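The values are calculated or read from the model by the stated rules, or taken from the named source; none is laboratory data. Computed from a predicted model, the values in this text were never measured in an experiment. We place every Cβ from the backbone using ideal geometry, glycine too, and count neighbours over all the protein chains shown.
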Amino acid sequence: MKRYRASVIAGLIGLAVCLFNYTGYDPHNIVFFMLSVPAWVVEFFRDVHEVSVLLMYGLTIVSWALIGLAVDWFTAVPRARRRTDAG
């Protein structure tokens, strides 16, 4: 769990964004469109209202988790270097 801490936290952020939008507290989808990377990409190819909402929610959670995984990978490399330099 400690190894993938940023992935879990980022995935929870993606889930929170989707739940916030799903509950109706974001009536004009402003927060969702600001924080959903797939929503940005879909706009290039077609109208976002033609795409399944559940698909957008799933892709948002996965994209946030992948961003967290990238953070975990980039922070793991310097930690590994510090261990090899010290030993």
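In the condition set (1) under 22 Å from VAL71 (Cβ atoms); (2) surrounded by 15 or more Cβ atoms within 10 Å (Cβ to Cβ), MET34 is compliant with all but (2).
Of all residue pairs spaced 6 or more apart or on separate chains, those with beta-carbon atoms under 8 Å, a first member in the stretch 11-34 that is assigned to a loop (DSSP other than H, G, I, E, B) and a second member that is at pLDDT 95 or above and polar (S, T, N, Q) are ASN29/ASN21. In the stretch 21-46, what residues are aliphatic (A, V, I, L, M) and over 17 Å from GLY58 (Cβ atoms)? Residues satisfying the conditions are ILE30, VAL31, MET34. For the stretch 39-80, taking the residues that are closer than 26 Å to ARG3 by Cβ and of a type outside the set (A, V, I, L, M, F, W, C), the one that is modelled with the lowest pLDDT is identified as ARG79. Being without any contact (Cβ under 8 Å) to a residue 40 or more places away in the chain and in a helix (DSSP H, G or I) is a description that applies to TYR57.
Going residue by residue through the stretch 18-30, is there one that turns out to be among the aliphatic types (A, V, I, L, M) and under 10 Å from the mean Cα position of the chain (by Cα)? There is no residue in the stretch 18-30 that is among the aliphatic types (A, V, I, L, M) and under 10 Å from the mean Cα position of the chain (by Cα).
Of everything listed in (1) part of a helix (DSSP H, G or I); (2) farther than 30 Å from ALA76 by Cα, the single unmet condition for PRO38 is (2).
Return the residues of the stretch 47-56 that are surrounded by 11 or more Cβ atoms within 10 Å (Cβ to Cβ) and farther than 15 Å from MET34 by Cβ; say none if nothing qualifies. VAL51, VAL53, LEU55 - these are the residues of the stretch 47-56 that are surrounded by 11 or more Cβ atoms within 10 Å (Cβ to Cβ) and farther than 15 Å from MET34 by Cβ.
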